[in-house]
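Quick notes on the structure that follows.
All of the numbers you see were taken from the coordinates with simple rules; none came from a lab. Values in this document were obtained by computation on a predicted structure and should not be read as measured data. As a convention, Cβ positions derive from the backbone with ideal geometry for all residues, glycine included, and neighbour counts pool all protein chains shown.
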Amino acid sequence: MWGRRRGVDLIQTAEMDAFFDRLDRLNEAQLLGLRAAWTAIDRSVHQQAWAAVRAVGTAEGLTGEIDRVRNKAVGWAERGSNLSVYTLSDDKTWREIKLEAVEAIVDAALAVALGSRLGEDVREALLGPWLRVTGA
């Protein structure tokens, strides 16, 4: 597979399993809080963090793996609720709430997946909203 470093799988790890398990347990207020915490971060900080993610991907041959992590996080947000008709108080569906938080979810997933490959400042930019909302 192009861009995939032999033997590296950023998704099939205990850390990612724990992340997605925790993600499955978030409630409406936490998802809304995640979105709010993510939007509170300066846009240039996000851009610098993503540039660092792309640089790690290029340098370590992980661009395909980074795409896989991103796609899994987006896929989680795109799925509807396990409940057949789950409408929240403001008439937004569970899926809509999840999609509003998708950028923060992708950032957190990448920070978890790339771990120590990222500098501490980049990890804080990507993972900070997640940590503030989940208390993890």
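Overview of results
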quantity: Neighbourhood charge, 12 Å Cβ-Cβ cut-off, centred on Ala49 and excluding it, Lys, Arg +1 and Asp, Glu -1; calculated: -3
quantity: For Leu131, net neighbour charge (Lys/Arg +1, Asp/Glu -1) across residues whose Cβ lies under 12 Å away; calculated: +1
quantity: Among [x] 15.4; [y] 17.6; [z] 15.7, the entry derived from the coordinates for Kirkwood radius over Cα pairs in Å; calculated: [x]
quantity: Additional length obtainable on full extension of the chain from Trp76 to His46, 0.36 nm per residue less Cα span; calculated: 8.7 nm
quantity: Ordering of 112-121, 60-69, 14-23 by packing [mean C-beta count within 10 Å, highest first]; calculated: 60-69, 112-121, 14-23
quantity: Estimated 222 nm signal from helices in the chain, with DSSP H stretches of n ≥ 4 weighted -39500 (n - 2.57), rounded to 500; calculated: -21500 deg cm²/dmol
quantity: Extension gain from Glu28 to Glu124, taking 0.36 nm per residue of separation minus the Cα-Cα distance; calculated: 32.2 nm
quantity: Label-zone membership for the range 101-136, site Val8, 7 angstrom Cα→C-beta point, backbone N under 16 Å; calculated: 110-119
